Structures are given as structure tokens and as C-alpha cells.
1. Given the pairs B:Lys50/B:Lys143; B:Lys41/B:Lys83; B:Lys69/B:Lys317; A:Lys37/B:Lys83, which are separated by over 27 angstrom at their Cα positions?
2. Which order results if B:Met272, B:Met47 are arranged by neighbouring Cβ count within 10 Å, fewest first?
3. For the pair B:Glu283/A:Thr198, report the inter-label distance in nm, with labels modelled 7 Å from Cα in the Cβ direction.
4. Which order do B:Thr25, B:Thr222 fall in if you start with the one that has the fewest other Cβ atoms within 10 Å?
5. According to the Kirkwood expression over distinct Cα-Cα pairs, how big is the hydrodynamic radius of region B:210-355, in Å?
6. When you look at the Cβ of every residue in A:181-187, what mean number of other chain Cβ atoms sits within 10 Å?
7. Average partner chain C-beta neighbours within 10 Å, per residue of B:174-187?
8. State which helices in chain B qualify, where a helix is a whole DSSP H run, it must extend 20 Å or more along its own axis by its Cα atoms, and its mean Kyte-Doolittle hydropathy must be at least 1.0.
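Coordinate-derived values only; no laboratory data. This structure is a prediction, so every number in the text was calculated from the model and none was measured. Cβ placement follows ideal geometry from the backbone for every residue including glycine, while neighbour counts extend to all protein chains displayed.
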Amino acid sequence: MAARAVARIGADPVELIAFYILAAIVTISAVSVIAAKNPVHSVLWLILAFFTSAGLLVLIGAEFLAMLLVVVYVGAVAVLFLFVVMMLDVDFVELKQGFLSYLPFGALMGIAFIAEIALATFARGDTADNFNPYPGAETNAEAIGQVMYTDYLLLFQLSGLILLVAMIGAIVLTLRHRPHVKRQNIAKQTARRRKDATRQLDVKSGEGL
Amino acid sequence: MSAFIQEHGLLFGWLTVIGQILLFTIVLLLSLAFLLLMDRKVWAAVMMRKGPNVVGPFGLMQSFADFGKFLLKEIIIPAGANKTVFLLAPILSLTLAFASWAVIPVAPGWVVSDLNVGILYLFAVSSLGVYGIIMGGWASNSKYPFLGSLRSAAQMVSYEVSIGFIIITVILLVGSMNLSEIVDNQSGGFWTWHVFSFNHILLFPVMVVMFVMFFVSALAETNRPPFDLPEAESELVAGYQVEYSSTPYLLFMIGEYLNIVLMCSMMVILFMGGWHGPIAFGEDFIANFPQWLVNLGHLAWFMAKVVFCFFLFALVKAVVPRYRYDQLMRLGWKIFLPTSLVAVFIVAGYVVYMGVQS
């Protein structure tokens, strides 16, 4: 069962049905992301869209990519989205007012995006090969590993370094050491023993300390 | 699964798969009823109480009585609640808890779907579990559930990171993300189990620490004591599920306990040799028996180990006092994350320079 079979959408009627169901769900949830009045509902629809696209990736055989999509985007990024959106005190009426003025820009961006994808797809003639999830490798994970850790190792490490610099930058920008603030020293706390903190006295009755 | 369907025809293949799923569900729910009782009994025993002992002999039917009570009570939905999300949250929790079990191999070949990226699938689905809690807390439209869900989300996201790194150490040792292959890598007695990994003696100290860290992270991930801050009865009354009653609450609880059992079986599969017994003997003798009989023996070992892990979970609940929230975060980010990261480096170096994999 673990053996690989090259999956091409359309080879199997079950896969075709699954593709149409998943594609429909992705489209509906993507539309709902922008149509939903409540921002929290928007994020929930976005999560559904992410999750269903992971399903589509599984269908073309890119299972590693699909799992990563779920772990990274659904499991971590969308949780942060949801966090922020839930904390916001949004006035829905005010939110709706700007809709028409932003519509042209939104539409323009959408059209540009579709045009770019179409351009990229038509520029490469053999479309079936463009979506090959594991070119020249046994599995999807191996193919990605080959590209990232062998073919483009230096570029990959460079991008990692850039991310590290960005992270350090964010920490440095937000780190403030305020003086006169008592801080917790965990090592000092746990190293504290009874004899450091208490002493036994022999108090005579009626005298006190 | 798809290979199986191609071999046996579409209809028969699908029916078999659905049958397997149903079997898994029923067995899981039934064993959950008794594991819940065990949890309470262990807790009671530590406190020198008797625990539930009225319904049925030794209180064995207690979980079923509770089940009936939950089903028959009225479902109360708060007036200010977001009704759809409020009801969706427990359903999502339960569905995700069941979905993870699709890739758990309980005996050689006895698994619903033997995915190549099985461990990644488990990780992905368990990382979704946080949504049930966030949605439940937010949709209740009430302060305590909301605070509880925020705490829980932060906690689960934090400990997921270290769990991920711990899983990577095991993946590095095995060289595969397929759960059956991870288990097969530990065949041949307890000294090859990843907890001990005596066959790679240099890694022994690393893997023991990884096992303990996985156990503690699993406690935090499933919101079990001593990390049950999302529920913290003394501060938040019951956290994200304050507003839930009746069946939705039951769904939440079943989902929670299923996740605990799932974490136990992950511990068993990743570190404790899965379905393999502690001592491998008489391989030739066993080969005489039919495969299903041998598999039943393997299943028994698997279940015994899972129950042992669950016993540890129950024991920890009774023995250890609750962590403070800042201590919890410190443990996750400042201790577990660097330690597991260093362990990944050590194991990777060992694998490369000592030639573990072919």
C-alpha cells in the first residue's frame, strides 16, 4: 500500500469526483472569505480553503507539501490570524462602508494575479510536467529535499540566514530593559535552600524577638 | 488504500475501508469508556478513595451511565453565542481526534491507511486540534471560555514546536516517515526500542531524554494536569467549555480523551517499539501460526503498552500539582525547544558519521 503510483487527475473516476468536490469547496470558501461579514468567520473560511487545497495537493501526489501546508499555514499561521482577529473590537458597519471604494483596487489585483498565473502556465508548454510533484525522485519529500538541500543548498541557507536576521531584528526592536523593574531569576530561585531563607532561634518565653 | 482498491475492485475496496474505519471507531469508543474509568480509578487510588464503584461490578458501567446522562440532558446555547461556530467546535474536535487514527498501525498491516508521510499526517491533524478549542471559546461569547481558549491555544502551539523536533529525531534514526517502518525499525527486543536504543549506545542518553520530553509535551498538548491551565477549575471555572452542556460537552470530552490515547499510541509507536514485544524469541516457532493469530498477539502488546502510557498520564494527574502559566511557557520555549533542537543536531550527526542508514 505504501508503494507509489503516479497519480494524475483524471486517471481514476474516484479521483476526478474527489477533485471536483475539493475544487468546489476551495472556490466556495475562498469567496466566503471576502463575503463573510464577521472577520472571525472569514478566517475560519480561510482555514477551510487552506485545508481543502491540502487535499488537492494530496490528489496530485504532493503529499509532503500537503502536510506541510496544513502544519505551517493551518496549524500555526492561521491560529495567529484567528488570535489577532478575535481580539479586535471591530465595528462591522464601519467596515462595510469602505467596501465600494476598495473594490476597484481589489479587482485590479485579482485580475493581475490571474494574468500572471496564466502567463506562467502558457509560457511553459508542457503543462502536465509543470505539475509533476516528484520530478526525478521517488517521493515528493525526496524531490523537495533534492531541490532544497542539494541543487540550491547555498540559496536555501542564505534565505534561512535572512530570516534569522529578520527575527533578531524584530527582537532587538521590541526588547526594552526597563530599569528598576524586579526580574525573576529562575536559577537563583531554584538554587535557594531552606538554610538560606530561614534561621532557627531559641526564643525565651515572654520576651519576643 | 488506493492500491488495495485497485486490487479488489472499487466497490469491495471501498466497503472494506469503510468497514475498517467503523471497526476502529467502535473499538476506540468502547475502550475509551473503560480507559476513562481507569483514569478515575487511578486518581482515586492515589487519594486512597474507592472511585466510581456503584454502577455495575467495580463500577465498570460508570462511563456508560455518564454517557446516557450526557445524551439525555438539555443542550443549552447561550443567547449571545455564535450558534453555528458554537456547535461546530465540539464536532470539529471529535472529528479531528478520530481522523488521526487513520494512520495508526496496531499490528503489522493492520492500519486503515499506511501513508508514506504518516507521522507528518499525525502532526498536521493534531495541530488542527487547537481550532476546536479556540472556536468553542470564542463562540461562547463569554469571558472565562475566551481566556481559557486563548491560554490553551498559546500552550498547544508552544509545545507543538518541541514535539515536532522530537519527532524529527526519530525520523532521522529511521529514515522514513511511514509509521509501520518506524515500528519495524524497533523490532528485535526492548534494546532496539528508540527509548533505549542500546544498538546505538551513544544515542541512549539523547533518546531517553527525548522520550521523557515527548511525554511531558504530550501532557501539555492534550491539556492534561499538570498543564491543564485552559481548564484550571480554580481560576477559570472550566475554561473553554464553561458554556457547554449535554452532548456538545460530551463530544469535547470524548475528543480530549481520544487525543490522550492518541498521544499514548504515538509514544508507543515512536519510542516503545509499537506492536513488538520486549523480547524477540521463537520467530521460527511463531511463523507456524496463521498471520491473523500472530497479529492478535502484536495487537495485545500494542494495547498493553498504550494502557501503560495511559496509566502514566492518569498517575501524573493525581500526583503533580498544576504549573503556573509563566513556568509552563518557560519550560516549553526556554528548556524543551533548545534541548530538542540540540538533540536533532546530535542525532543527525550520529546518523551521518556513524552510518546508521544505508
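1. Violating the 27 Å Cα-Cα cut-off are B:Lys50/B:Lys143; B:Lys41/B:Lys83.
2. On the way: B:Met272 25, B:Met47 10.
Result, fewest neighbours first: B:Met47, B:Met272.
3. 6.0
4. Fewest to most other Cβ atoms nearby, the residues stand as B:Thr25, B:Thr222.
5. 18.1
6. Other-chain Cβ atoms within 10 Å of each residue's Cβ, averaged: 1.
7. Average per residue, whole number: 1.
8. Those that pass (Cα extent of 20 Å or more, hydropathy at least 1.0) are B:10-46, B:83-99, B:118-139, B:143-174, B:204-221, B:246-271, B:291-319, B:337-353.
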